[in-house]
Structure formats: C-alpha cells, structure tokens
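Engineer: After the structure tokens below, expect a handful of questions from me.
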Amino acid sequence: IVNLTKGKNHKNHEHFSDYFSDKKVYPIFFSGPNFADEIANFLPFCASVGCENSGILKEFTQDFASENLALYPTSDVISVQLCGIFKNILAIYSGYIAEEGRGQNYHAKICVDGISELKYITKKLGGSEITVDSYCGLGDIFLSCFGNKSRNYNFGRNLFHKNPTDKIIINSCTEGIN
C-alpha cells in the first residue's frame, strides 16, 4: 500500500499508519514537493518515502528512484505524515498573508516559526526533526508556501478576499481545509 494522501481520521484523530499497528502490512508514505502537472511533463521531482519495514523501504526506493525522481527513504512514518498535514495549514496562512500585504519579511518569519513548531510537534509525537528537514518537510513547505500553483496557498488568498469557501472547494482539491 502506498499512501499519497495527507491528513488524519476526523473522528478519532488517528494517522493512517495507526490502522496498521498489527504489522501485517507496512504501508509506504510518499510525500514531497510536487506539482502533478510537472510530474506529468516528466520534470524532475522528489519525495520522502517512509516505511517502518526497512526491507520494503529499500526495495521500493530501488525500484522507483530514477534520473527524474529523487527519493529520501526514512523509517519515520510519523514525521512524513505530520509534515504533509502541517504544510497545508502553513500554505493556507501564507496565501492569506500574501494578500494581506504584510510583505516577504513577514512571510519568511511565519514560515520559519511554522517550521520550528512542526519540529516541536513532530518530536513530541514520536517523530524526528531530521525528517522535517527533508523533502516532505522543508521541500513541501517551500513549494506550497511560495508557489502560486499551490491549491492551499490559493485557498488562503481567496479566504482573504472573503470568497465563499464552498465555491473555492468546488474548484480545487484543497487538502488543508479539514
């Protein structure tokens, strides 16, 4: 099982990895700074790949890494999942403050503070700060918080202009809303 989604269960706040606590299945968590249109156009991309089983992780990395795809393997599935959630929230706020006109200095401050918070939360929940520094963390935050192609960033921009959220949601797949 390869998980490309972000988020937690809304009812019990479990991570996707919590559903496999019996260790009969070892899902792979794939997360990184990627825009689908660039992948479709065969442009280089990268991702953190998390799996608690080192053999499966090694095999997956060997099978899928290529000239166009750089993979950062890690056994730290907690951080890979948390980074995917957190970057969406940070990207929404980044879009909002961009429209608010607070400037790039403030935007950088918010992102640095957000990364510090993410490292603190990740460590408290059993993850590693090192994983936050990889593609799923810093890489995804840079792309999502500073790129006009980011759905979450654009959602934040629309929130500032008080566009109805239901219309924004219909026109995009904005992961950070929930």
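Engineer: Considering only residues that are more than 22 Å from residue 88 (Cα to Cα) and modelled with pLDDT under 85, look in segment 1-43 and name the one that is most open to solvent (accessible area, probe 1.4 Å).
Structural biologist: Among them, the one singled out is 24.
Engineer: Further question: Please go through segment 84-120 and pick out each residue that is among the hydrophobic types (A, V, I, L, M, F, W, C), modelled with pLDDT under 95 and within 30 Å of residue 54 (Cβ to Cβ).
Structural biologist: 85, 86 - these are the residues of segment 84-120 that are among the hydrophobic types (A, V, I, L, M, F, W, C), modelled with pLDDT under 95 and within 30 Å of residue 54 (Cβ to Cβ).
Engineer: Conditions: (1) under 23 Å from residue 37 (Cβ atoms); (2) open to solvent by 80 Å² or more (accessible area, probe 1.4 Å). Residue 93 meets all but one. Number of the miss?
Structural biologist: Checking residue 93 against (1) under 23 Å from residue 37 (Cβ atoms); (2) open to solvent by 80 Å² or more (accessible area, probe 1.4 Å), the one that fails is (1).
Engineer: Now a separate question. Please pick out the residue among 25, 80 that is out of contact with any Asp or Glu (no Cβ under 7 Å at 6 or more places or on another chain) and farther than 15 Å from residue 136 by Cβ.
Structural biologist: On the way: 80 fails: farther than 15 Å from residue 136 by Cβ.
Criteria check complete, one pass: 25.
Engineer: Residues of segment 116-140 being within 11 Å of the chain's Cα centre (by Cα) and among the aliphatic types (A, V, I, L, M), which ones?
Structural biologist: 132, 138
Engineer: Could you list all residues from segment 98-132 that are among the polar types (S, T, N, Q) and open to solvent by 60 Å² or more (accessible area, probe 1.4 Å)?
Structural biologist: Initial filter on segment 98-132 (among the polar types (S, T, N, Q)): 104-105, 116, 122, 128, 131.
Of everything in segment 98-132, those that are among the polar types (S, T, N, Q) and open to solvent by 60 Å² or more (accessible area, probe 1.4 Å) turn out to be 104, 105, 116.
Engineer: Would you be able to tell me the number of residues in segment 140-178 that are open to solvent by less than 20 Å² (accessible area, probe 1.4 Å), among the small types (Gly, Ala, Ser) and either modelled with pLDDT under 85 or part of a helix (DSSP H, G or I) (or both)?
Structural biologist: 4
The values are calculated or read from the model by the stated rules, or taken from the named source; none is laboratory data. What you are looking at is a predicted structure, and each value in this text was computed from that prediction instead of being measured. Here the Cβ is made from the backbone with ideal geometry for all residues, glycine too, and neighbour counts use every protein chain on show. Ligands, DNA and RNA are excluded from the accessible area calculation, which covers all protein heavy atoms including side chains. Shrake-Rupley method; radii C 1.70, N 1.55, O 1.52, S 1.80 Å.
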